[in-house]
């Protein structure tokens with residue numbers, strides 16, 4: 001069969017995952033696991049000694065943890081949203097990106113909630129959130145949203161794997177797979193044989209799931225935005241928050257997608273799959289989003305500035321003052337709103353490398369802007385802080401918070417490395433289908 | 001003969017008032033009633049003599065006297081509508097309210113349910129001292145956001161925290177626009193979880209990793225006593241009472257609440273936030289002391305921080 005040769009070609013090229021782990025691979029896993037262990041040790045200290053060993057105090061009650069929570073969940077929702085839109089829009093060039101997007105979604109959706117658990121003074125009472133929930137509380141909205149989203153996204157991810165699992169099962173003998181792999185693929189492929197009926201069912205399920213996931217993620221991230229927006233705090237109590245959160249989530253998701261594509265392209269020599277065009281298209285998307293982001297930030301600023309209220313004035317003073325947050329504020333605004341426009345907008349600068357570099361800068365800038373959205377606001381309550389303890393006035397994260405932050409990143413990478421051992425990080429079966437369809441369009445007569 | 005008549009006078013006239021003064025436990029005047037039991041107790045008169053007077057039936061003002069636990073603690077004292085009035089003209093930052101509260105609630109020296117801020121309303125106005133506790137709002141932003149119902153609003157206006165239910169998410173701390181809530185950051189020997197004697201009304205023993213705050217001392221109201229802060233204020237700046245009785249008391253005088261707020265143009269801090277606080281302030285006009293006198297109870301460092309914070313920008 002014709003299709004077999006295509007899939008075999010794709011399969012052959014991407015079968016390195018089946019090989020026995022190399023020393024380098026094991027080393028990577030060990031290092032990442034060690035970083036995670038340092039984070040776990042920090043967690044142990046925090047639980048046994050109390051929250052005083054973090055930088056959190058009565059005014060800044062959350063700090064870096066909640067910044068990570070918002071940021072990581074943003075990546076997740078963005079992954080789901082973009083994947084869903086690409087899928088329903090039948091955007092063919094984006095098919096190779098689908099798996100990465102869904103993996104981003106699920107991994108960050110697993111890691112993100114841990115950061116809010118780190119904010120709990122009594123983590124052992126966590127299950128009270130499920131036993132005695134009060135629906136009035138935005139935290140419960142988040143619990144419901146995250147759990148719902150997690151269920152849908154894991155199902156969605158699994159459904160998109162089925163065709164590949166079946167493909168791997170059918171080629172298991174040819175690829176000299178060890179026995180456990182054969183059994184595993186047979187089990188997870190749940191008897192999918194690519195019969196027309198099965199195909200129709202699966203494709204319909206994928207369409208329905210994509211259609212569910214798009215509104216679910218929008219609702220879920222809006223609910224997260226309202227965790228802040230529902231507070232009476234100056235700097236949070238703003239109706240722009242939910243759309244602003246969605247926008248920055250999509251923005252950060254595109255940046256992370258570019259970064260991961262670039263890493264795979266470099267390390268696995270996947271230039272023909274993650275092509276220059278992919279970088280160009282996503283680069284333009286990044287640039288467009290940066291302009292939108294700048295527009296949102298500016299409109300938030302200008303409405304505050306035009307008629308500056310007292311507490312709001314104190315807050316913006318902190319943002320713009322170089323002895324406070326000025327350096328971070330201007331720096332991150334540059335990274336997030338201007339840099340993509342310069343690097344990607346001007347053809348002379350535009351290249352795969354520069355686009356990847358920009359996406360790293362965007363991720364860093366967006367993280368800092370989330371920090372600025374949270375910490376200075378908590379440092380600027382209505383009642384002036386007249387405390388003489390400097391750590392009560394100014395938040396500064398301790399190594400506990402930083403090591404748990406880095407542990408989260410390490411865990412994310414670790415998840416990617418481990419899951420890439422189960423199946424290729426590109427959806428081979430789907431790409432094959434696309435190529436088949438493309439052939440049909442080019443030479444329709446052959447079919448007759 | 002002379003001393004006898006004097007003794008009679010004291011006995012008949014002001015026995016209960018004296019008991020109150022001697023034990024430092026003044027009831028809400030409007031609510032006082034004498035119930036002689038036949039038992040005698042010794043009290044000290046103003047001129048230093050020990051006398052015997054009738055002992056009142058119990059020191060319980062509101063039944064049940066013991067602070068309730070669990071579900072019962074969430075209901076509130078029937079028929080009560082507690083309210084506080086703070087007369088800013090009388091406050092000289094003596095900080096006795098803070099000390100009294102800390103002692104009563106087993107707080108660390110840096111944990112303040114009652115804070116005294118230095119405020120300045122506009123560049124021309126004189127600064128003034130501003131004691132601030134929990135306002136026990138009728139529309140409390142903290143209660144709205146609690147995910148597990150550990151903090152709740154009662155029928156007697158009081159907002160309490162049940163430390164046994166608190167998961168320590170701190171959302172209420174950030175939701176309170178008045179910075180009234182504190183988190184128990186460090187563990188203490190006296191802390192205990194699920195202590196049988198714990199009542200949200202007393203807040204003791206506290207718990208590590210939970211949120212706590214001013215509780216309006218309903219346990220003391222049950223005994224007919226003023227909250228620790230009102231009782232400790234040497235200036236009588238803090239009035240506590242009941243809206244339903246329309247009376248507030250500062251340990252020296254009982255005033256009609258509505259009349260007081262009307263006459264002195266009492267206000268609620270940040271009224272525009274719509275939280276409907278139950279703590280009212282009487283403006284700091286015609287102050288009894290220059291505000292600078294309040295600095296004597298502060299460290300030089302604290303003074304600097306406060307002066308910097310009210311600098312007009």
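The values are calculated or read from the model by the stated rules, or taken from the named source; none is laboratory data. Everything numeric here is computed off the predicted structure, so don't read it as measured data. Counting neighbours? That spans all protein chains shown, and the Cβs are built from the backbone with ideal geometry, glycine included.
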### Task
Kindly list the number of the only condition in (1) within 24 Å of residue B:64 (Cβ to Cβ); (2) outside any loop (DSSP other than H, G, I, E, B); (3) over 17 Å from the mean Cα position of the chain (by Cα) that fails for residue B:164.
(2)
### Task
Go through the stretch B:300-313 and count every residue that is over 15 Å from residue B:92 (Cα atoms) and at the interface with another protein chain (Cβ under 7 Å from one of its Cβ atoms).
4
### Complete set of residues in the stretch A:295-332 that are loosely packed, with under 15 Cβ neighbours inside 10 Å, in contact (Cβ under 8 Å) with a residue 40 or more places away in the chain and farther than 14 Å from residue A:240 by Cβ
A:309
### Query
Which helices (runs of 4 or more DSSP H) sit wholly inside the stretch A:1-91 and have at least 2 residues that are more than 22 Å from the chain's Cα centre (by Cα)?
A:2-13, A:23-49
### Task
Confirm whether residue B:294 is touching a residue at least 60 places away in the same chain (Cβ under 8 Å), within 14 Å of chain A (Cβ to nearest Cβ) and not in a loop (DSSP other than H, G, I, E, B).
yes
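Out of curiosity, is residue B:152 surrounded by fewer than 22 Cβ atoms within 10 Å (Cβ to Cβ), in contact (Cβ under 8 Å) with a residue 60 or more places away in the chain and in the same structural domain as residue B:267 (by TED's automatic domain parsing)? Walk me through how you get there before you give the answer.
Values: surrounded by fewer than 22 Cβ atoms within 10 Å (Cβ to Cβ): yes; in contact (Cβ under 8 Å) with a residue 60 or more places away in the chain: yes; in the same structural domain as residue B:267 (by TED's automatic domain parsing): yes.
Judged against the criteria, residue B:152 is a match.
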### Residues of the stretch A:380-396 classified as more than 9 Å from chain B (Cβ to nearest Cβ) and surrounded by fewer than 20 Cβ atoms within 10 Å (Cβ to Cβ), total
4
### Task
Determine which member of the set B:62, B:77 is touching a helix residue (DSSP H, G or I) at 6+ places or on another chain (Cβ under 6 Å) and more than 24 Å from residue B:293 (Cβ to Cβ).
B:62
### Query
Which of (1) within 14 Å of chain A (Cβ to nearest Cβ); (2) surrounded by fewer than 18 Cβ atoms within 10 Å (Cβ to Cβ); (3) at pLDDT 90 or above is the odd one out, the single condition residue B:112 does not satisfy?
(2)
### Query
Out of (1) farther than 30 Å from residue B:129 by Cβ; (2) free of Cβ contacts under 8 Å to residues at least 60 places away in the same chain, what's the single condition that is false for residue A:400?
(2)
### Query
Looking at this structure, is residue B:199 more than 8 Å from chain A (Cβ to nearest Cβ), touching a helix residue (DSSP H, G or I) at 6+ places or on another chain (Cβ under 8 Å) and either modelled with pLDDT under 95 or not in a strand (DSSP E or B) (or both)?
yes
## Note on the structure
Conditions (1) within 8 Å of chain A (Cβ to nearest Cβ); (2) outside any helix (DSSP H, G or I); (3) in contact with a strand residue (DSSP E or B) (Cβ under 8 Å, 6 or more places away or on another chain) -> residue B:173 fails only (2)
### Task
Please find, among B:93, B:133, B:184, the residue that is more than 30 Å from residue B:78 (Cβ to Cβ), more than 9 Å from chain A (Cβ to nearest Cβ), within 21 Å of the chain's Cα centre (by Cα) and buried (at least 21 other Cβ atoms within 10 Å of the Cβ).
B:93
### Summary
Per the filter on the stretch A:134-151, residues buried (at least 17 other Cβ atoms within 10 Å of the Cβ) and not in a helix (DSSP H, G or I) are A:134, A:137
